[in-house]
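A short worksheet on the structure shown next.
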Amino acid sequence: MGYVIGIDLGTTNSCVAYLEGGKPQVIPNMEGQRTTPSVVSFTESGENLVGSLAQRQSQTDPGNSVLSIKRLIGKKFDSKEAKEAKKKMPYELTEAENGDIMVALKTGTISPQEISSIILGYMKECAESYLGEEVVEAVITVPANFNDHERKATRDAAKIAGLNVLRIINEPTSACLAYGLEERKNATVAVYDLGGGTFDITLMEINDGVFHVLSTNGNSFLGGEDFDDRIVDWIIEEFKSENGVDLSKDKFVRQRIKDEAENTKKNLSFSKESKIQLPFIYSDKSGTKHIKLTLSRKKLEELTSDLIAKTFPFIERALEDSKLKPKDIEEVILVGGQTRMPKVKEKIRDFFGKDPVEDVNPEEIVAMGAAVQSGIIKGETDESALLLDVTPLSLGIETEMDTFVKLISRNTTIPTRRTRAFTTVRHNQKRVRVHVLQGENKKASENISLGVFNLLGISAAPAGLPQIDVTFEIDADGIVKVTAKDLDSERAKKIEVNPSSGLSNDEIEKIITKEQAEEGKKGEKETEEEEDAKEE
C-alpha cells in the first residue's frame, strides 16, 4: 500500500506531511525547508519556479510571478475579492468566458487552478523524493469557510497535479485532529486559524477519539497578507512624506517593499522594533534615494488593530451557533503564521480568559492533521478516530420573489440528507427550474449560485397541487447532490452539483494531456543532453 500525503495548500506557505508509525511527520522540500512559499514564477525559457526561487524571481519579474493565488481560486472576476486583488497583486487579472478569474502573464493566460496545481505538483515531487516512491493519493486542506466553488476548484487543481484526493478537510479541523490525537485529550476546543490569506474559527468537541465539529465561521479574504499590506502602505506614505514621491504605482518597487514588510512583521513577533532598509529604491535628477525606517511593535499594532478586531464577530457567531460561551472553551489552539503576533495572542487570551496552546507549530499542524486523516481513511492509526465535520454555509434553492429557502443550515454535521416538498406556481406547469444556492442571505440573488437544472414532464394539474420533493445530500467530502422528484409522475432528476464556474472535465483533461506532453519533451531533451555528454 502506497503512502498517502497530507497537504496544507496555504496562501503564503504550503506544507506536506505523511504518517509514519502512526505519527505525522513533516516532509522537507528540495531545499530542506519544512514549509514552501506558495509562489510560482514563469521564466522566459518556459520553466516554472516554485517556492523560494520563485519568491526571489518575483522581485525582478513581478508581472510573471504569482503569489496568494489561493485568495482567488474559485472566485468570479467581478467579485469584490478580485477587485481588491487587482489593486495590490503584482500580476494582471483578466476575465474568462464563464466569468472566472484568469491570470494574465507574458506567455498567456492561466487559471488559478493551474497555478495551484503547480504548487501541489511540487509538494508531490518533494514527497516522492523523500519517500523514494511515487505518490498518487492525498488529503488536502481548505479554509473552513470555503464555498463549494472553491473546494471543487482545489480538487481540480489536485487532479491536474496528478493527485487523487481521498478527502478535502477543513484546515482548523485538521489542526485539531493532529493536536487531539497527539495529546489524547477530551476537551471542548476552539481553533483560531489566522493564516496568510484566510481566517477561520472552529469549535470542536474531542471525546474518546470522536472529533465532532460544533460550528465554524470565518472570512476567506482576511489574513496575514492584509497585515503586510498595512506595513507596505505605511512605508510608502513615509517615503512620500519625506521625498514627495509616490511609489505605490511601481509594481517592481511595491514587491520589494512587500517582501521587506513581511520580514519586518516576522521580526516584530520577537523584537520591540525592526529596521527597514531598502537601498536604491528610487532615482531622479536629484539623485538616488533609499528607504531607511524603523517600525516599532506598538506602531504595527496601531496599523493592524482593526484587522485583529475583525476576527471576533466570527468567533461570537460560531459560539452562538454552538450555544457555547467563551468560558466553556477548555483549550484554544492557534493556527497560521499570523497567530505568532503577540497582540493576536493577547486578544485571544483576553476573549477566552485563558492562555492559548503554545506547544504546537501553527504553520505545520494543519498538514500534520491531514496526514492523520489519511491514516484514519487507510486504517493505519493505532487509535480509532472518527471525524464529524460540518458544512460551512447553508444550502437551499430559489423560490418566488427572489427568496432563498434553506434545506440544510450551516454547521450541519455531514454527511447529511434533507428533503422538502415544493409545488408549482402556474396551472398545468410542465417543468420546474431548480436553482441551487449556498449562503446565508434571505435574497436568492445575494447568495452563491451552485447550479441550475430543470425537472421536465410534470403531470398537468392546477397550480399548487403537484408535489415536488427536492432532496439535498452532502457526503463526507462536502460534495453536494440534489434530486427533484414529481411524486405523481414519478419523474426525477438527480445531479451532482457542478458549479457554473470553474474548469470543465474536458478542460482539466486537456491541461493534463498538455502537461504530460511537455514532460515528455523535457525528458527527451534531458536524455539527449546526457547522451551528448557521454559522447564528449
So which residues in the stretch 118-155 are hydroxyl-bearing (S, T, Y) and under 30 Å from F472 (Cβ atoms)? T141, T154
Filtered residue count, the stretch 5-20, keeping only those that are of a type in the set (A, V, I, L, M), more than 12 Å from the chain's Cα centre (by Cα) and more than 13 Å from E125 (Cα to Cα): 1
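Using the structure shown, decide if I69 is crowded, with 24+ Cβ neighbours inside 10 Å and hydrophobic (A, V, I, L, M, F, W, C).
yes
Residues checked against (1) farther than 30 Å from K265 by Cα; (2) of a type in the set (K, R); (3) modelled with pLDDT under 95:
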| position | (1), (2), (3) |
| --- | --- |
| I333 | no, no, yes |
| K343 | no, yes, no |
| T391 | yes, no, yes |
| R417 | yes, yes, yes |
| A421 | yes, no, yes |
| Q429 | yes, no, yes |
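If we only count strands (runs of 3 or more DSSP E) wholly inside the stretch 184-292, which ones have 1 or more residues that are free of Cβ contacts under 8 Å to residues at least 24 places away in the same chain and under 23 Å from D389 (Cα atoms)?
199-207
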Check G22 against each of (1) surrounded by 15 or more Cβ atoms within 10 Å (Cβ to Cβ); (2) out of contact with any strand residue (DSSP E or B) (no Cβ under 8 Å at 6 or more places or on another chain); (3) touching a residue at least 40 places away in the same chain (Cβ under 8 Å); (4) not aliphatic (A, V, I, L, M) and name the one condition it does not meet. (1)
Residue pairs qualifying under the 7 Å Cβ cut-off, at least six apart or on distinct chains, with the first in the stretch 111-126 being part of a helix (DSSP H, G or I) and the second being open to solvent by 10 Å² or more (accessible area, probe 1.4 Å) and among the polar types (S, T, N, Q), are I118/N48; C126/N29
Looking only at the stretch 206-241, how many residues end up being of a type in the set (A, V, I, L, M) and surrounded by fewer than 19 Cβ atoms within 10 Å (Cβ to Cβ)? 1
Look at the stretch 289-302 and say how many of its residues are at pLDDT 95 or above and either closer than 17 Å to S215 by Cα or in contact with a Phe, Trp or Tyr (Cβ under 6 Å, 6 or more places away or on another chain) (or both). 0
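Okay, residues lined up against (1) open to solvent by 70 Å² or more (accessible area, probe 1.4 Å); (2) closer than 29 Å to V139 by Cβ; (3) without any contact (Cβ under 8 Å) to a residue 40 or more places away in the chain; (4) among the aliphatic types (A, V, I, L, M):
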residue: R417; (1), (2), (3), (4): yes, yes, no, no
residue: N428; (1), (2), (3), (4): yes, no, yes, no
residue: H435; (1), (2), (3), (4): no, no, yes, no
residue: G451; (1), (2), (3), (4): no, yes, no, no
residue: T471; (1), (2), (3), (4): no, yes, no, no
So is A421 surrounded by fewer than 16 Cβ atoms within 10 Å (Cβ to Cβ) and either acidic (D, E) or more than 30 Å from D208 (Cα to Cα) (or both) or not? yes
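Would you check if I101 is modelled with pLDDT under 95 and either of a type in the set (G, A, S) or not in a helix (DSSP H, G or I) (or both)?
Working: modelled with pLDDT under 95: yes; either of a type in the set (G, A, S) or not in a helix (DSSP H, G or I) (or both): yes.
Taking the combined requirement at face value, the residue satisfies it.
The values are calculated or read from the model by the stated rules, or taken from the named source; none is laboratory data. In this text, all values refer to a predicted model and were calculated from it rather than measured experimentally. Every residue, glycine as well, gets a Cβ built from its backbone with ideal geometry; the counts of neighbours run over all protein chains shown. The area values use the complete protein model at the heavy-atom level, side chains included, leaving out ligands, DNA and RNA. Shrake-Rupley method; radii C 1.70, N 1.55, O 1.52, S 1.80 Å.
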